[in-house]
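None of the figures in this text is laboratory data; all of them are computed from the coordinates on show. Computed from a predicted model, the values in this text were never measured in an experiment. Cβ: placed from backbone, ideal geometry, glycine included. Neighbour counts: every protein chain shown.
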Amino acid sequence: MQPKTRQLAKGAAVGLLAIILISLVVVVWVAYSGAYNVAATQDHQPIVRWTLETTMKNSVSDRAGAVQTPVLNDAMVAGGAVRYQAMCEHCHGGPGVEKSEWAQGMLPQPPHLPDVVSEWKSNEVFWLAKHGVRMSGMPAFGPTHSDDELWEITAFVMRLPGMTTSEYARFDTGDSAGQGH
Ligand code: HEC
């Protein structure tokens, strides 16, 4: 290496080290100073929110890509309805049903699933229900539910976008009255 090139390389290494050190100091300062507001009444800075949302979407679709979707039939939809109304409706609502009052105070807001499900594939909904989303309030149901149960919920969730208020309410009886029709 020429002496000049060597000097340039040394300068770049020192610069890089300084940037890493400064970043570390900033991270430690933010963690210890209490300067960052974690209140659920105030959203992250737009850049932080964008980073979290984009990371979440790509993380889910990347991991869900390996999950094989079974055939989702009407019997599964009916089974999933009962579970959805017991475990998901509080946060995500349903056709004609708003989320619970307490869920309105969450940040990020759990989206009204009938409006957003079409943005997701079945295996991604299954993955989300199974693994949840860390630090967002979206729980993981995998530790407490079998894959079969989670596919039933997925089958039901995938039907939400076209479902009318009365169709949704019919599932609510918990008996066989609303199943399959
Ligand atoms: C305690 C509240 C809560 C419960 C209960 C809950 N979720 Fe969520 N869910 C969330 C939150 C909050 C998000 C948004 C996560 C984010 O944006 O990072 C979310 C996101 C999702 C998404 C992605 C939607 C999108 O576009 O962001 C799906 C799909 C989903 N949940 C499915 C379910 C299913 C299925 C159930 C029931 C088995 C369920 N959730 C139960 C809070 C909840």
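Calculate, for residue 109 and residue 33, the FRET efficiency according to 1/(1 + (r/R0)^6) with r their C-beta to C-beta distance and R0 22 Å; round to the nearest 0.05. Write down the numbers at each step before the final one.
Details: r = 28 Å, r/R0 = 1.27.
Rounded to the nearest 0.05, the efficiency is 0.20.
Which residues' amide hydrogens lie under 5 Å from the amide hydrogen of residue 133, considering only partners 5 or more residues apart or on another chain, with H built in the peptide plane?
The list, which skips near neighbours in sequence, is 138.
Would you please give the FRET efficiency between residue 100 and residue 44, computed as 1/(1 + (r/R0)^6) with r the Cβ-Cβ distance and R0 = 22 Å, to the nearest 0.05?
On the way: r = 23 Å, r/R0 = 1.06.
About 0.40, to the nearest 0.05.
Return the sequence-ordered ³J(HN,Hα) values of the range 124-129 in whole Hz as given by the Karplus equation 6.51 cos²θ - 1.76 cosθ + 1.60 applied to θ = phi - 60°, using x for Gly and Pro.
Each residue of the range 124-129 in turn: 6, 5, 4, 4, 4, 5 Hz.
Please identify every one of the GluC sites (Glu not before Pro) in the range 78-181 that sits in a loop by DSSP and has no more than 12 other beta carbons within 10 Å of its own beta carbon.
Details: sites: 89, 98, 101, 119, 124, 149, 152, 167; in loops: 98, 101.
Answer in residue order: 98, 101.
Please arrange 168, 32 by counting, for each residue, the other beta carbons lying within 10 Å of its beta carbon, fewest first.
Details: 168 23, 32 8.
Listed from fewest to most nearby Cβ atoms, that is 32, 168.
Tell me, what is the Rg over Rh of the range 23-126, with Rh the Kirkwood radius over Cα pairs?
On the way: Rg = 18.0 Å, Rh = 16.8 Å.
Radius of gyration relative to Kirkwood radius: 1.07.
Using +1 at the Cβ of each Lys and Arg and -1 at the Cβ of each Asp and Glu in the chain, identify which of 45, 2, 22 lies farthest towards the dipole's positive end.
2
Per-residue HN-Hα couplings for the range 48-53, Karplus 6.51 cos²θ - 1.76 cosθ + 1.60 at θ = phi - 60°, whole Hz, x for Gly and Pro?
Running phi through 6.51 cos²θ - 1.76 cosθ + 1.60 with θ = phi - 60° gives 5, 4, 4, 4, 5, 5 Hz.
On a 0 to 90 degree scale, rounded to 10, what angle separates helix 3-33 from the longest Cα axis of the chain?
Roughly 50 degrees, rounded to the nearest 10.
Just need the relative contact order of the chain here, percent rounded to a whole number, with Cα pairs under 8 Å and 6+ apart. Numbers along the way, then the final one.
Details: 170 pairs, mean separation 46.0, N = 181.
Dividing the mean separation by the residue count of the chain yields 25 percent.
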